[in-house]
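Below: one structure, written as structure tokens.
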Amino acid sequence: MDRQQNILIIGFVWPEPNSSGAGTRMLQLIDLFQQQGWKITFASAASDSDFMFDLTSIGVEKVSIALNDSAFDAFVKALDPSIVLFDRFMVEEQFGWRVAENCPDALRILDTIDLHSLRLARQKASKAQRDFGVDDLFSDTAKREIASMLRSDLSLLISESEMELLQNQFKIDPQLLHYLPFIVDPIDANAESQWPTFEERKDFIFIGNFLHEPNWDAVQFLKTDIWPLIRKQLPEASMRIFGAYPSQKVFQLHKPEEKFLIMGRAENAVEVVKNARVVLAPMRFGAGAKTKLLEAMQCGTPSITTTIGAESMPGNLPWNGVITDETPEMVTAAIQLYTEKELWRLAQQNGIAIVNDRYSKVLFAGHFIARILAVQADLKKHRLDNFVGAILQHHTMASTKYMSKWIEEKNK
């Protein structure tokens, strides 16, 4: 097949790399495709936002589309993409059948970002103050999400533990899955030399989009359980909370007298993380991989998080700080990392090793492009081997298609 490709990305939202990990991830994918010389069109039914990345500035065509609107059929037919990438399963539900009908030969890729069903199941268990169990997984969201994966030719996973979960619990054929973590430049001696030193840094920080429920939960947990104990022993330090889209309930936690500071959106997240001494991220539920923790490593900032926070990120390597699910241990670790320079330096070196061995672009980019080309070259057989996906596509096109047409008529 000709290596020149015409790619349509259908986004759940317009990418906001300064607001969320999903936005960062999307720009990494776009960069990867552009390095192959491939042409990219990015379409979304979302409204424009003040913080969205200017896609046209990097040569990506931006197109607004509408839900339940057959105008999309004419648009996609005329564009005739060789690859369509759905950004999250809800987008595949809305547009997947239209793509299959109008561009049957286009390779359909689903970027999961994280397993939504896993995140929501853990959230439900956490709110009920009980341990998460395998039974929690089999929800209506999971049925929708897994069906979307089966209808797609390839699903991208950002976490190895989610790859294992899909294969072991949901029995998904590995041929339909591809592990593609965040992909970043390796950290070399030059990058390291530009980091502020231990002495030049101060304070603890947390950073995360407040529209994302696990982040809001972590900030509340910091405020009520963790920070009061740290502050008793480190009265000079502040806990700074950064994040996009903070609501009034978030700002109500701002307590300067307790040195618990809600800072709002960071103009430059890298600068903020680079100048902090320790990142505190007590994630009690969630899924995928945490951009905030990878960014901490890229900035030479040690972090303290939970098992879920660090899930699948370090592989077999030692963490860039401490992983613990116990509050007293988290407090002790925070105080030690903040005050003991040698321990802090060791954690920083661990972070460099994780970035270079587990997230370096050179480890994944070529393999991913080769996988795309291999599936495209034998797409007919690939789909014949996924008969369950064909069944789901058949029924979805029958049900979703007519529901969508009914909504479209109703809207007229």
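A short reminder: the numbers here are calculations on the coordinates, not readings from a lab. Given the structure is predicted, the values throughout are model-derived calculations rather than measurements.
Can you compute 3J(HN,Hα) from phi for each residue in the range 355-361, using the Karplus curve 6.51 cos²θ - 1.76 cosθ + 1.60 with θ = phi - 60°, rounded to whole Hz and x for Gly and Pro? The phi angles translate into 4, 6, 9, 10, 10, 5, 3 Hz.
Across the range 369-386, computed HN-Hα scalar couplings (Karplus, 6.51 cos²θ - 1.76 cosθ + 1.60, θ = phi - 60°) run 4, 4, 5, 4, 5, 5, 5, 4, 5, 10, 4, 4, 5, 4, 6, 5, 6, 10 Hz from first to last residue, x flagging Gly and Pro.
Label the range 26-75 by shape, choosing from rounded, prolate and oblate, from the square roots a ≥ b ≥ c of the eigenvalues of the Cα gyration tensor; if a/c is under 1.5 it is rounded, and otherwise prolate applies when a/b is larger than b/c, oblate when it is not.
Working: a/c = 2.65, a/b = 1.44, b/c = 1.83.
In terms of gyration-tensor shape, oblate.
Cross-link partners for residue 412 among the aspartates and glutamates, with Cα-Cα distance under 14 Å and sequence neighbours closer than 8 places in the same chain left out: 69.
Structure shown: which of 39/410; 143/290; 127/232 lie over 30 Å apart, alpha-carbon to alpha-carbon? Walk me through the intermediate numbers first.
Numbers: 39/410 36 Å; 143/290 25 Å; 127/232 28 Å.
Too far apart for the 30 Å limit: 39/410.
Taking a straight line from the alpha carbon of residue 274, these aspartates and glutamates sit under 14 Å away, with near neighbours fewer than eight places off in the same chain left out: 192, 199, 200, 203, 295. When the helices of the chain are scored as -39500 (n - 2.57) per DSSP H run of n ≥ 4 and the total is divided over every residue, the value at 222 nm lands at -13500 deg cm²/dmol. Structure note, pairs 202/292; 361/381; 381/405; 124/292: Cα-Cα distances above 25 angstrom occur for 361/381; 381/405. For residue 155, the residues whose amide H sits under 5 Å from its own are 110, 177, 178, ignoring neighbours fewer than 5 places away on the same chain, with H placed 1.01 Å from N. Computed from backbone phi with θ = phi - 60° and the Karplus coefficients 6.51, -1.76 and 1.60, the 3J(HN,Hα) list for the range 89-106 is 5, 5, 6, 5, 4, 6, 10, x, 5, 5, 5, 4, 6, 9, 9, x, 8, 6 Hz; x is used for glycine and proline.
Is the C-alpha gyration tensor of the range 320-359 telling us rounded, prolate or oblate? Criteria: a/c under 1.5 is rounded; beyond that, a/b larger than b/c is prolate, otherwise oblate. Can you show the working numbers first?
Numbers: a/c = 4.94, a/b = 1.54, b/c = 3.20.
Note, shape of the range 320-359 comes out oblate.
Calculated on the Cα set of the chain, radius of gyration then Dmax: 22.2, 68 Å. What the Cα atoms of the range 150-290 give is an Rg and a Dmax of 18.8, 55 Å.
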